[in-house]
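Have a look at the structure below, then the notes.
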Amino acid sequence: MRPDARAWFTGRTSTTRSVGDLDVPALLRAKRRAGSRVSVVLPARDEEATVGRLVADLVERWVRRVPLVDEVLVVDSDSTDRTAEVARAAGADVVASADVLPAHGSRPGKGEALWKSLAATTGDLLVFLDADLLGDVSHYVPGLLAPLLTDPQVGYVKGCYTRPLEVDGRSTPAGGGRVTELTARPLLNALWPELAGFVQPLGGEYAGRRSALEQVPFVSGYGVEVGLLVDLLGLLGLGGLAQVDLGVRRHTSQDQEALGRMAGQVVSAVLARSAVGPAGALLTQFRGDGTGFEPVSTAVAVDERPPMVTVAEYLAERAGAV
């Protein structure tokens, strides 16, 4: 690891593996002093099995019992199940991604939901959580907020964790994060070695200041996390980024073919931000049945939304809210 990356890793990595690791009253005082509003956003597509428990815990712990969070928003991305109904019953505000900034149309992908959440929330600080998290994650939100509330230089915070791989009822303690280890980490180390200290560059749990997030583009698909990391490095510098060790993260694992498509989108997002330039538009994979192979092609070209500060409707809404 380069000296600058090593120094960043040592100085900008904190640990919050449980609520007990935090001084919650101090966080509340810091929030009040700054006059900050906090929004928690969960992008969701067909997550009725997990989103209700997550939302209910967030609302009970960090809205009702401890007023650290001002709003919890689920952005529903064309779910075909009861995701929206379950999330609303658990206490979240719910919007359909297609209904936010409707004049700009709607695109598939997680990044689209995150981009539109900027226009659908009011917080000065935003926390993003995946909606398929399993287990006790009650410390995630305050843990991610802590660096933002206690250090004005920090503008963006990534969560990091051990990711067990759970397939067919069997668990490997640190086997998750395959796209990270086989695709994202080698690319980032080669092209932006100063980012080598990030443990989970593709992790779906992170927080940032609106003033920073609204100035960068959002890749519409699975490349959103790596795109944000590289773009916010350019905007804030390495010293404006931080990470928090949140312990263990459990979620639903995907199959190899799905991971290949994710990796293709990550590669496209990375290369679009490099001197190499845009990658090819298609990823071709092969399915074999023992008698031959069938090529299957998927679009992985970068599709991204512009910085929100360039969107007239957003600026007008923000001006009216001030």
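Laboratory data are not the source of any read-out in this text; all were calculated from the coordinates shown. Predicted model only: the values in this text are computed from it and were never measured. When we count neighbours, we look across all protein chains shown, and the Cβ atoms used for this are built from the backbone with ideal geometry, even at glycine.
In a reduced charge model with +1 at each Lys and Arg Cβ and -1 at each Asp and Glu Cβ, the range 84-146 shows a dipole moment near 180 debye about its Cα centre. Taking 1.567 mPa s as the viscosity and 4 °C as the temperature, the Stokes-Einstein diffusion coefficient of the chain based on its alpha-carbon Kirkwood radius rounds to 64 µm²/s. Convex hull of alpha carbon positions in the range 277-322: directionally averaged projected area 5.8 nm².
The range 195-273 has equivalent-ellipsoid semi-axes of 22, 17, 11 Å, by the square roots of 5 times the alpha carbon gyration tensor eigenvalues, sorted largest first.
Please grab the % of Cα pairs in the range 53-212 that end up more than 20 Å from each other. Value for the range 53-212 (Cα pairs over 20 Å): 59 percent. Shape summary: the range 1-131 maps onto an equivalent ellipsoid whose semi-axes, from the alpha-carbon gyration tensor, are 28, 20, 15 Å in decreasing order.
For the range 238-319, the fraction of C-alpha pairs farther apart than 18 angstrom is 68 percent.
Scanning the chain for long hydrophobic helices, with DSSP H runs required to stretch 18 angstrom or more by C-alpha along their axis and to average at least 0.0 on the Kyte-Doolittle scale, returns 256-272.
Entry note, the chain: the mean residue ellipticity at 222 nm calculated from DSSP H runs of n ≥ 4, each adding -39500 (n - 2.57), is -10500 deg cm²/dmol after division by the residues and rounding to the nearest 500.
Pairwise inverse Cα distances across the range 12-75, averaged and inverted, put the Kirkwood hydrodynamic radius at 13.3 Å. Placing one identical point scatterer on every Cα of the range 65-129 and ignoring solvent, what is log10 I(q)/I(0) from the Debye formula at q = 0.11, 0.12 Å⁻¹? Result of the Debye calculation: -0.26, -0.31.
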